[in-house]
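Here's the structure, in structure tokens; my notes come after.
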Amino acid sequence: MFSKLFPLLTLLLTACVAVPPEDNSEEVLLRPSIIPAIQTSYNYLQADKYEEALTILDKLIADNQDNLTPYELATLLELRANALINLDDQAGAKSDLEEAFSLNAFPPERRAQLGRYIEEIDDEKPLYRQPCLRIPPKMPAECIGVGSKPDADGSVSDVVEVVYDIDIYGAPDNVRVLSSTNECLNEPTLVAVRRWRFEPVVKNKQPVRLEGQTTQITFAYSIDG
């Protein structure tokens with residue numbers, strides 16, 4: 001989502017100069033003392049090592065918070081938002097971008113881009129996860145032929161839709177049926193989904209619970225005429 005930040009930062013690190021919006025004749029330098037850490041965090045972001053980048057940026061902001069210029073702070077917040085959004089922390093990323101925007105330290109075009117990023121976060125859909133371990137449900141013999149009517153060729157597709165949460169360990173919880181074309185298949189479906197496993201969702205370096213996940217399980221079989 002925030003890959004567009006990288007070309008801006010590459011230019012910034014190459015030139016080490018920015019022009020504030022109020023005075024196009026004044027140059028604002030990034031202090032040499034913080035450039036190596038910024039470059040390292042940028043390299044981590046490019047390598048998809050978001051937690052490592054976040055650690056560096058958190059420390060850089062904490063250690064220099066009383067000495068950073070508005071431009072420097074806005075740059076660090078912009079980078080940290082990049083790490084946070086890729087760690088599924090939309091709220092944290094939005095907060096950093098809004099603070100960077102409020103500092104009014106970037107040229108108009110770059111500041112407008114921050115505004116567009118904030119709008120993108122507002123438009124983000126809820127997070128959904130695909131299971132890394134998916135156990136298929138068993139098809140009990142007694143469930144065959146008691147659900148959907150077969151097609152002309154004898155094929156049948158029964159569908160059970162379930163909703164569940166994912167706990168901090170990546171295990172489904174509170175699994176329940178939303179709809180079903182064959183109630184006989186409800187229990188086998190619930191048993192299977194409870195055995196699935198997911199990569200835990202991480203926000204601010206901590207695993208969090210993810211609620212309201214939905215999926216459909218299709219049972220396809222044939223009935224001999």
(message) Cβ contacts < 6 Å: first residue under 21 Å from A220 (Cα atoms), restricted to the stretch 159-177; second residue buried (at least 17 other Cβ atoms within 10 Å of the Cβ) and among the acidic types (D, E), any location; separation 6+ or different chain. Result?
(response) none
(message) Checking the condition part of a helix (DSSP H, G or I) and not assigned by TED's automatic domain parsing to the domain that holds I217, which residue from L97, L68 passes?
(response) L97
(message) Taking the conditions exactly as written (out of contact with any Asp or Glu (no Cβ under 8 Å at 6 or more places or on another chain) and within 27 Å of Q206 (Cβ to Cβ)), does E109 satisfy them or not?
(response) no
(request) Return yes when S33 is modelled with pLDDT of 85 or more, more than 24 Å from V202 (Cα to Cα), of a type in the set (G, A, S) and surrounded by fewer than 13 Cβ atoms within 10 Å (Cβ to Cβ) and no when it is not. (result) yes
(message) Condition (residue is under 30 Å from I56 (Cα atoms), within 28 Å of the chain's Cα centre (by Cα) and not assigned by TED's automatic domain parsing to the domain that holds I85) applied to the stretch 188-199: is it met by at least one residue?
(response) yes
(request) Would you mind listing the strands (runs of 3 or more DSSP E) fully within the stretch 119-225 where at least 1 residues are of a type outside the set (A, V, I, L, M), crowded, with 16+ Cβ neighbours inside 10 Å and at pLDDT below 90? (result) 155-166, 201-203, 210-222
(request) Determine if the stretch 73-94 includes at least one residue that is more than 23 Å from the chain's Cα centre (by Cα) and either free of Cβ contacts under 8 Å to residues at least 12 places away in the same chain or outside the structural domain of Q213 (by TED's automatic domain parsing) (or both). (result) yes
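The values are calculated or read from the model by the stated rules, or taken from the named source; none is laboratory data. Quick caveat: nothing in here was measured; it's all calculated off a predicted structure. Quick reminder, even Gly has a Cβ in these numbers, built from the backbone with ideal geometry, and neighbours come from all protein chains shown.
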